[in-house]
């Protein structure tokens, strides 16, 4: 369950929108806004050595800008999940379960096409002399998507009872099933805004308009938070229990609203057109057909994952619970939110920062520059994702309890979330590689290979989930997801090597060893400090102040030790990141 799509996939997502569902659909990077990527013309008009150096700086700068731009959305997404968690699993379980059909359908119909089909095609029409043709194409797709979403929302209203009673909430208590159904019917209508949003976002990316899109996904989280607050104020007598669901509608409309300034900047006003004979439509369908098929398969496994989660047995420490479906599903979703934080800030940001550059090199047939760019992305991704995975594991207790253990969210539910977080976290370095490898195939206009590899990698999920969901329970499902996504990255790397020749991954070994050494030092510091401070009342995890102090002091010192270590070990990429951040902050 570690992917976000209806939101920011971000999608975020891309999902980054941040609603957590399984990364069973790991064939398209989560959508976040890239920044200032070098154009083909810029590369051609400067000397080769200078262009390589400038390109490296631009990629790092682009990735850094995306990370910084996504930070606000990620923070608001975390606040949103805190608000949802505070309602307790009796509400959070139904709400999170209700999001799955809308997320899956949006991924299948449009969200999954952003990086694989829409951006590459729109980019071909981004020249000033083709602006009107691009506008006509974009709004043709927007109008088609809106019509499809409207019809589908009405159809889902009648289909939903069968879907949730049979699959998506089969293990819930009767009251939870009813609440899930009511949530889902409301939420599905948000696709009438979220579908067109993904298309318009792609158009702005292709026009190098990045400012407003970077903030747009934040509106989704804010909308849900507003809905929850208003619902709490209204109370159950005034249908306040539906505040979260109506908040999704508010957030979806807010996303569209925040794109309007960017559209005005590009003189990209709306037009009602249905140019079904436009030649680019056929190209988009051809590019997206394999990805769409993969999302159908992924949706089946997402539904299976949720169905199993709602029926998994209670953990040994969940005493007094007869049914733990709501708690287990909530734990998986909240853990996924934590996993998506580094995925959105690092993996997705890197994949979109390098995608235009990879596409340029692939189009020009410059495979050495293509490989060099990919290796740089690998090193940057591992530099940040290896310590992120280790940090989430070693600090899982303070992190989960500080963020989520409020109001109706109990200590037992925190323990469940910690188990899920630990088993999801192992995949983070592989997810970073996976997003970059998918971008590499997309840059070569090949969407079929990632889909074929997905069909193989899901076997890893089944091999772990099916034998152990009813014995080990929810932790087995989280680890099954890790096996699937990690194997997807490994297989893609092997296939790419046979497709384009040696990628010279061995040249990265010294850098990776330095990163692992620095991470080991970081883990030792974090673990030792927790043991040292744990017996001090001020740092006790039994109260919020102690959890927060532990997280800030131990986590801060551990992070400082890590970055000091990689600087001491002369890892080049950390200096590039430092320079990009200082430039963004205006200090260099």
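Readers should treat all values here as calculations from the given coordinates under stated rules, not as data from a laboratory. A quick note: this is a predicted structure, and the numbers were derived from the prediction, not measured. Cβ placement follows ideal geometry from the backbone for every residue including glycine, while neighbour counts extend to all protein chains displayed.
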At a Förster distance of 45 Å, what's the computed FRET efficiency of residue 524 paired with residue 448, Cβ-Cβ distance as r, to 0.05?
0.50
Label-point gap, in nm, between residue 517 and residue 208 - each point 7 angstrom along Cα→Cβ
4.1 nm
For Cα pairs less than 8 Å apart in space and 6+ apart in sequence, what is the mean separation divided by the residue count of region 180-280, i.e. the relative contact order in percent?
35 percent
Give the average over all directions of the projected area of the C-alpha convex hull of region 109-225, one decimal, in nm².
8.6 nm²
Given all pairs of different Cα atoms, what value in angstroms does the Kirkwood hydrodynamic radius of region 485-536 take?
14.1 Å
Across all Cα atoms of region 445-588, Rg and the largest Cα-Cα distance (Dmax), in Å, are 21.1, 58
What ranking do 324, 314 get, fewest neighbouring Cβ atoms within 10 angstrom at the top?
314, 324
What do you get for Rg/Rh of region 225-290 when both radii come from the Cα atoms and Rh is the Kirkwood radius?
1.25
Two-decimal Rg/Rh of region 404-445 from alpha-carbon positions, Kirkwood Rh?
1.33
Using just the C-alpha positions of region 374-528 as equal point scatterers, what log10 of I(q)/I(0) does the Debye formula give at each q in 0.11, 0.13, 0.19 1/Å?
-0.54, -0.73, -1.19
Sites residue 408 and residue 130, calculated FRET efficiency, Cβ-Cβ separation with R0 45 Å, nearest 0.05:
0.25
Residues of region 294-316 with the amide nitrogen closer than 15 Å to a label point 7 Å from the Cα of residue 323, along Cα-to-Cβ, please.
307-314
Considering every Cα-Cα pair within region 90-148, what fraction, in whole percent, is farther apart than 20 Å?
44 percent
Between residue 162 and residue 569, what's the calculated FRET efficiency when r is the beta-carbon distance and R0 is 60 Å? Round to 0.05.
0.55
Can you give the translational diffusion coefficient of region 156-205 in µm²/s, computed by Stokes-Einstein from the Kirkwood radius over Cα pairs at 20 °C and 1.002 mPa s?
174 µm²/s
Please compute the modelled spin-label separation between residue 498 and residue 285, points set 7 Å along Cα→Cβ, answer in nm with one decimal.
3.2 nm
Report, please, the projected area of region 251-326 averaged over directions, based on the convex hull of its C-alpha atoms, in nm².
9.7 nm²
How high is the relative contact order of region 376-428, in percent, with contacts defined as C-alpha pairs under 8 Å that are six or more residues apart?
48 percent
